[in-house]
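In what follows, a structure is listed as structure tokens, so that the remarks can point back to it.
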There are 2 protein chains.
Amino acid sequence: MTPLLKGNAVVGQSGGPTAVINQSLAGVIEAAADAPMIRRLLGARHGVRGVIEGKFVDLKGIGGARLERLAATPGSALGSTRDKPDEAYCRKIFEAFAARDVRYFFYIGGNDSADTARIVNELAQRAGYELRVFHIPKTIDNDLRVTDHCPGYGSAARFVALAMMGEDRDNASLLGIKISVIMGRHAGWLTAASMLARQNTDDGPHLIYVPESPFSLTQFTRDVKEVYDRLGRCLIALSEGIADGHGKEIAVKLALKLGKPVERDEHGHPQLSGTGVLGDFLAEYIKGKFKEKIRIRADTYGYLQRSFAGCVSPVDQAEARRVGRTAVKYAVAGDFDGSVALRRKKTSRYGVECFRTKLTSVARETKDLPPKYINRAGNNISESFRAYAAPLVGELPRIGRI
Amino acid sequence: MTPLLKGNAVVGQSGGPTAVINQSLAGVIEAAADAPMIRRLLGARHGVRGVIEGKFVDLKGIGGARLERLAATPGSALGSTRDKPDEAYCRKIFEAFAARDVRYFFYIGGNDSADTARIVNELAQRAGYELRVFHIPKTIDNDLRVTDHCPGYGSAARFVALAMMGEDRDNASLLGIKISVIMGRHAGWLTAASMLARQNTDDGPHLIYVPESPFSLTQFTRDVKEVYDRLGRCLIALSEGIADGHGKEIAVKLALKLGKPVERDEHGHPQLSGTGVLGDFLAEYIKGKFKEKIRIRADTYGYLQRSFAGCVSPVDQAEARRVGRTAVKYAVAGDFDGSVALRRKKTSRYGVECFRTKLTSVARETKDLPPKYINRAGNNISESFRAYAAPLVGELPRIGRI
């Protein structure tokens with residue numbers, strides 16, 4: 001039997017927040033309260049940055065209604081960070097842990113956070129310092145490997161489905177062409193969820209474009225014209241990260257075509273979130289392709305997709321809580337490190353079980369939307385995606401029509 | 001006693017849809033079913049356009065679960081139109097009515113729709129044709145005169161409040177400056193609702209700008225710096241229609257300053273909805289005013305504000321239904337024309353009563369946000385606005401913080 005490892009624990013949140021990331025934090029808090037070997041539970045302010053700057057907050061004792069209110073609030077209650085620690089940074093993290101008798105580290109985040117957890121874990125092992133490190137999955141992008149899906153995705157996908165459902169009725173009211181840009185630089189999981197809005201024949205979105213499928217402006221124009229000629233309207237869902245066959249972002253190509261500048265972020269990527277540039281460029285481009293005057297509008301869903309208060313999938317909420325609790329249970333049960341993953345049960349009614357996977361299996365690389373969910377023409381999502389996504393999103397309202 | 005006026009009725013929907021405009025339609029359908037003097041209830045497809053093109057759908061017989069599903073669906077189920085009929089157009093409407101023995105006309109819309117109803121009514125009077133015309137109020141802008149508030153506003157304001165609540169937690173997670181652009185070219189009612197998101201000291205939005213208050217880029221820069229220096233973050237809500245003291249739109253001024261083109265619509269207005277241009281320009285402008293590198297993002301809430309499925313204020317829903325029913329009751333009760341308005345009861349618990357007002361009192365002009373709700377500096381909304389708006393929006397989730 002593994003001897004009990006007594007000591008303190010640190011929990012942190014990293015990367016883009018979600019609507020349920022505080023559920024995972026609440027899961028850690030309540031499981032840690034039940035674990036006598038965890039003396040203090042320290043929340044790191046703004047993730048690993050708080051660790052190296054010594055900014056911690058004591059989390060033991062939060063419970064009851066206060067814990068539930070915290071769990072139900074979107075955003076990262078501890079604060080988040082975009083820092084991607086290298087080995088030197090991780091050494092500082094490890095030193096901060098050793099100085100505080102920290103024996104448990106729970107890091108809620110995506111693939112970069114799993115990689116940080118992996119490096120810190122290896123440093124501790126090399127130093128012969130027993131540290132149990134668990135990555136707790138979180139991302140609206142749904143692009144972590146191994147797990148069936150990621151906590152945070154279901155609620156963001158619910159937002160997209162509800163938004164698209166309303167947009168379709170709005171588009172049917174005033175007609176014309178509507179382009180809606182959805183988060184996802186590399187993976188189309190979130191954009192694919194827009195298909196859940198369709199309940200009747202002719203319901204939009206009529207066209208769906210994801211980064212996994214090469215995007216061509218020529219085909220786009222043809223696709224939009226075909227739908228518009230048929231229905232007198234066209235609702236389009238597309239990922240911010242759509243790119244051509246050579247991986248060149250469409251936002252950049254359009255900027256060149258339209259003779260406009262495009263802003264770039266610190267990594268040289270064109271800025272796609274927190275700006276309406278792709279949607280605006282596409283609307284302008286497609287406007288020029290029609291002879292007649294047509295109502296063309298573009299919206300970029302932006303940060304509401306991950307933060308809108310009160311738009312939460314009940315399944316996502318419960319699973320986010322569960323992976324937090326499970327990480328603590330795994331860590332105190334033995335000399336384990338890893339990431340918590342979800343496996344879908346092979347039952348007719350939806351259910352999942354948690355399992356432990358290695359940090360290396362989740363760190364760094366991501367998981368694209370599989371080709372089976374994309375139609376042959378690359379301009380829509382297959383009906384088979386509904387069985388995958390619907391249970392994660394929860395029940396949707398029924399559309400009434402005349 | 002007024003003799004019963006037997007004949008057919010027409011109902012139409014006009015202008016920008018809302019989340020509850022179909023509640024008003026359902027109200028008309030159910031009240032008409034109870035009115036034996038209304039023989040047929042015809043729904044005009046795409047408002048007055050359907051009337052002059054003879055495109056009608058029979059609405060009698062819709063009831064039960066089908067009616068409720070319809071009522072709960074966002075968008076204009078009959079289709080909407082942006083047509084603003086002149087006298088010649090109204091004559092065609094009147095002729096279409098006379099040819100079909102239409103004696104009741106219910107038009108769900110904003111101030112332009114009230115004006116259309118007014119002209120059609122006057123033409124009927126001049127021709128000695130008895131026609132009872134009722135305007136049924138609808139607008140997310142909340143800018144109709146006479147009525148305390150407009151059906152459609154409460155649900156859109158709820159969307160804005162929930163969005164801002166989540167945005168504030170997102171901004172507190174990753175810090176930096178966030179600009180969110182809210183619908184409203186002339187009236188700041190919807191943007192003002194963003195103040196409902198604030199529950200604790202330091203909660204955002206920290207700055208709120210409405211079209212009723214002249215906007216200066218110099219003051220904006222000073223305001224943002226002051227908040228950012230104090231909190232390390234800043235969440236800003238602003239109306240798409242903000243303009244300087246001379247009524248010149250800020251989007252246009254920024255375009256000139258940044259050397260960028262700005263698109264204009266058919267009326268020569270810069271296009272503000274269905275584009276991210278104002279937010280993007282402001283983000284770029286403010287970025288240039290900081291020496292250090294700061295995370296600055298902009299989102300434009302766009303059409304989701306009026307169409308998001310499942311984000312409905314229960315009060316708004318009930319009132320939208322009620323004004324539809326009441327219009328039919330007024331019309332069949334006597335030789336009346338007018339618009340249905342809401343008066344707030346002077347009781348401690350929120351409640352309203354309906355009353356009839358003249359078409360001329362609602363047509364054309366609109367109602368701005370009163371100065372009493374805007375702070376002296378013109379960069380925020382007063383706390384007193386909460387008492388006005390909170391009952392219309394419904395209960396909001398409580399924010400949990402560590």
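The values are calculated or read from the model by the stated rules, or taken from the named source; none is laboratory data. Owing to the predicted nature of the structure, the values given are computational and were not obtained by experimental measurement. Every residue, glycine among them, receives a Cβ derived from its backbone with ideal geometry; neighbour counts consider all protein chains shown.
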In this structure, is B:Arg118 in contact with a helix residue (DSSP H, G or I) (Cβ under 8 Å, 6 or more places away or on another chain) and surrounded by 20 or more Cβ atoms within 10 Å (Cβ to Cβ)?
yes
Kindly indicate the residue of region A:48-66 that is within 8 Å of another protein chain (Cβ to nearest Cβ) and touching a residue at least 24 places away in the same chain (Cβ under 8 Å) and also nearest to A:Ala327 (Cα to Cα) among those meeting that condition.
A:Leu59
Hey, B:Arg158 under 30 Å from A:Ala19 (Cα atoms), of a type in the set (Lys, Arg), touching a Ser or Thr at 6+ places or on another chain (Cβ under 6 Å) and assigned to a helix (DSSP H, G or I) or not
yes
Considering only residues of region B:284-313 that are among the aliphatic types (A, V, I, L, M) and assigned to a loop (DSSP other than H, G, I, E, B), which is farthest from B:Ala193 (Cα to Cα)?
B:Ile294
Please indicate, with yes or no, whether at least one residue in region A:289-299 is of a type outside the set (D, E, K, R), at pLDDT 90 or above and under 30 Å from B:Arg295 (Cβ atoms).
yes
Please tell me if A:Phe105 is under 24 Å from A:Val57 (Cβ atoms), touching a residue at least 40 places away in the same chain (Cβ under 8 Å) and among the hydrophobic types (A, V, I, L, M, F, W, C).
yes
Is region B:148-171 home to any residue that is buried (at least 24 other Cβ atoms within 10 Å of the Cβ), of a type in the set (A, V, I, L, M), closer than 25 Å to B:Gln13 by Cα and in contact with a Gly (Cβ under 8 Å, 6 or more places away or on another chain)?
no
Within region B:30-47, can one find any residue that is within 14 Å of chain A (Cβ to nearest Cβ), among the basic types (Lys, Arg) and either outside any helix (DSSP H, G or I) or surrounded by fewer than 24 Cβ atoms within 10 Å (Cβ to Cβ) (or both)?
yes
Criterion violated by B:Asp203 - all others in (1) surrounded by fewer than 24 Cβ atoms within 10 Å (Cβ to Cβ); (2) at pLDDT 95 or above; (3) within 25 Å of the chain's Cα centre (by Cα) satisfied:
(3)
Can you pull out every residue in region B:137-174 that is of a type in the set (D, E, K, R) and free of Cβ contacts under 8 Å to residues at least 60 places away in the same chain?
B:Asp170
Considering only residues that are in contact with an Asp or Glu (Cβ under 9 Å, 6 or more places away or on another chain) and outside any helix (DSSP H, G or I), look in region B:84-102 and name the one that is nearest to the other protein chains (Cβ to nearest Cβ).
B:Lys84
Unmet criterion (only one of (1) closer than 29 Å to B:Leu282 by Cα; (2) modelled with pLDDT under 95) for A:His246:
(1)
If I filter region A:285-320 down to residues being surrounded by fewer than 24 Cβ atoms within 10 Å (Cβ to Cβ) and more than 14 Å from chain B (Cβ to nearest Cβ), which single residue comes out as nearest to A:Ala172 (Cα to Cα)?
A:Phe290
Please count how many residues of region A:217-255 are assigned to a loop (DSSP other than H, G, I, E, B), among the acidic types (Asp, Glu) and crowded, with 19+ Cβ neighbours inside 10 Å.
1
Which numbered condition trips up B:Asp170, out of (1) farther than 24 Å from B:Pro370 by Cα; (2) within 11 Å of another protein chain (Cβ to nearest Cβ); (3) out of contact with any helix residue (DSSP H, G or I) (no Cβ under 6 Å at 6 or more places or on another chain); (4) not β-branched (Val, Ile, Thr)?
(3)
